[in-house]
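Colleague: Got a structure here, written out as C-alpha cells. Questions coming.
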Amino acid sequence: MESNYLSLLGLAKRAGMLETGDEAARAAISAGKVRLVLCASDASDRTRETFSFITESAGIAFISVPETKAELGNALGRRPAATVAVCDIGFAAALSKKLAERLPDAKECAEKLSERAQKIAKRKKSGKQKKKTNRRI
C-alpha cells in the first residue's frame, strides 16, 4: 500500500522540484535550492549523519522516513534512492505535513516549513500587488 506522501513525492518529481541521490542532493544544497531532505530508513549511517549535519548547518529541514531506498525509488519511478531533496517550499511543507501525521518527530519540522511557506506566499502576494499598483499610476 503506497503512502499518501509517496504519491505527493512522485508529483513533485514530475514538476521538476526534486533532486534524487546523494550527489545531486549535495549539489542542490550547495546551490541553496533545497527546502527539505528525506532519508530512507535503510540508508547507511554515514549518509544519514552526513546529510543530518549538512542540513542542520544550512538550516534545511531533514526527516528520516520509514520507507526503504527501494520504496522511495519506486515512488519516483527510478532506481533505489537513499536521499531525496525537495526544492519547492510548497511541496516541502505538504510533504512534511503528511509525514507529521505518521511520524511524531516530523511535527516540528512540518510547523516550521508551513510557517516559511506562508511567509513566502505572503511576500509574493504583496510583491504582485505593488507591481499592479505601479502600473496603474
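Colleague: In the Gaussian network model of the chain, springs joining C-alpha atoms below 10 Å, which of I54, I63, I29 carries the largest mean-square fluctuation?
Modeller: Largest GNM mean-square fluctuation: I54.
Colleague: Which percentage, to the nearest 5, of the DSSP beta bridges contained in the chain is antiparallel?
Modeller: Rounded to the nearest five, the antiparallel share is 65 percent.
Colleague: Defining a contact as two alpha carbons under 8 Å apart and six or more residues distant in sequence, what relative contact order in percent does the chain show?
Modeller: Over the chain, the number comes to 27 percent.
Colleague: Once you wrap a convex hull around the alpha carbon atoms of the chain, what is its projected area averaged over all directions, in nm²?
Modeller: Reported value for the Cα convex hull: 9.1 nm².
Colleague: Using a 1.4 Å probe and counting only protein heavy atoms, arrange D88, D105 so the residue with the most accessible area comes first.
Modeller: Correct descending sequence by accessible area is D105, D88.
Colleague: Given the options L11, L95, L36, state which has the largest fluctuation in a GNM of the chain using a 10 Å cut-off (strictly under) for Cα springs.
Modeller: Largest GNM mean-square fluctuation: L11.
Colleague: Probe radius 1.4 Å, ligands and nucleic acids ignored: give me the carbon and sulfur share of the accessible area of the chain as a rounded percent.
Modeller: Looking at the chain in its full context, I get 48 percent from C and S.
Colleague: Please sort through the DSSP H helices of the chain and keep those with an alpha-carbon extent of at least 18 Å along the long axis and a Kyte-Doolittle average not below -1.0.
Modeller: Flagged H segments are 45-58, 89-102.
Colleague: Averaged per residue, what accessible surface does segment 1-89 expose to a 1.4 Å probe, in Å²?
Modeller: Result: 51 Å² of accessible area for each residue.
The values are calculated or read from the model by the stated rules, or taken from the named source; none is laboratory data. Note that the coordinates shown come from a computational prediction; the quantities given were computed from them, not determined experimentally. Accessible surface is based on the protein model in full, side chains and every heavy atom, while ligands, DNA and RNA are left aside. Shrake-Rupley method; radii C 1.70, N 1.55, O 1.52, S 1.80 Å.
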